[in-house]
């Protein structure tokens, strides 16, 4: 057990890490994937660049900084459009760090309107505005908020770049 904690930097129990045939990590979120895909149709669960924030994957918010784009809708079309907006940026960041054999410094989420999202907004003291672009770092108890009328790819990319360059001032959670 201690050996696997060292190799895989386990943060919680239970944890399910899925490996390929060469022993490379496919996903560290196997437990969440099983809960979301009980019939294993998407096995082996290669990571998606942008996830819809749900009750089952919200635990990932505790694993490091997460970009969360809040949309004010239960409409799947608006959530899908938001995912498409940030996906190229997420893919670019993920590829950049994968090329250096490092984990990406951010996870990317889109949050619709539901009880879990309301609870997250309350806990982090975020405004009810939507769309609302944030980076939440629960372990550092910090948040970064970009409250603009319209979210564009350029705004998201600049926000992410400024965060990665430590140019943003955190607010406490």
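The values are calculated or read from the model by the stated rules, or taken from the named source; none is laboratory data. Everything numeric in this text was worked out from a predicted model, so none of it was measured. Here Cβ is always computed from backbone atoms with ideal geometry, including for glycine, and neighbour counts include all displayed protein chains.
Some observations on this one:
- Residues located in region 140-173, provided they are closer than 15 Å to residue 87 by Cα and in contact with a helix residue (DSSP H, G or I) (Cβ under 7 Å, 6 or more places away or on another chain): 151, 153, 156, 157, 160
- Given (1) surrounded by fewer than 20 Cβ atoms within 10 Å (Cβ to Cβ); (2) out of contact with any helix residue (DSSP H, G or I) (no Cβ under 6 Å at 6 or more places or on another chain); (3) in the same structural domain as residue 131 (by TED's automatic domain parsing), number of the condition residue 37 does not satisfy: (3)
- Qualifying residue in region 75-97 (condition: more than 25 Å from residue 35 (Cα to Cα), loosely packed, with under 13 Cβ neighbours inside 10 Å and over 15 Å from the mean Cα position of the chain (by Cα)): yes
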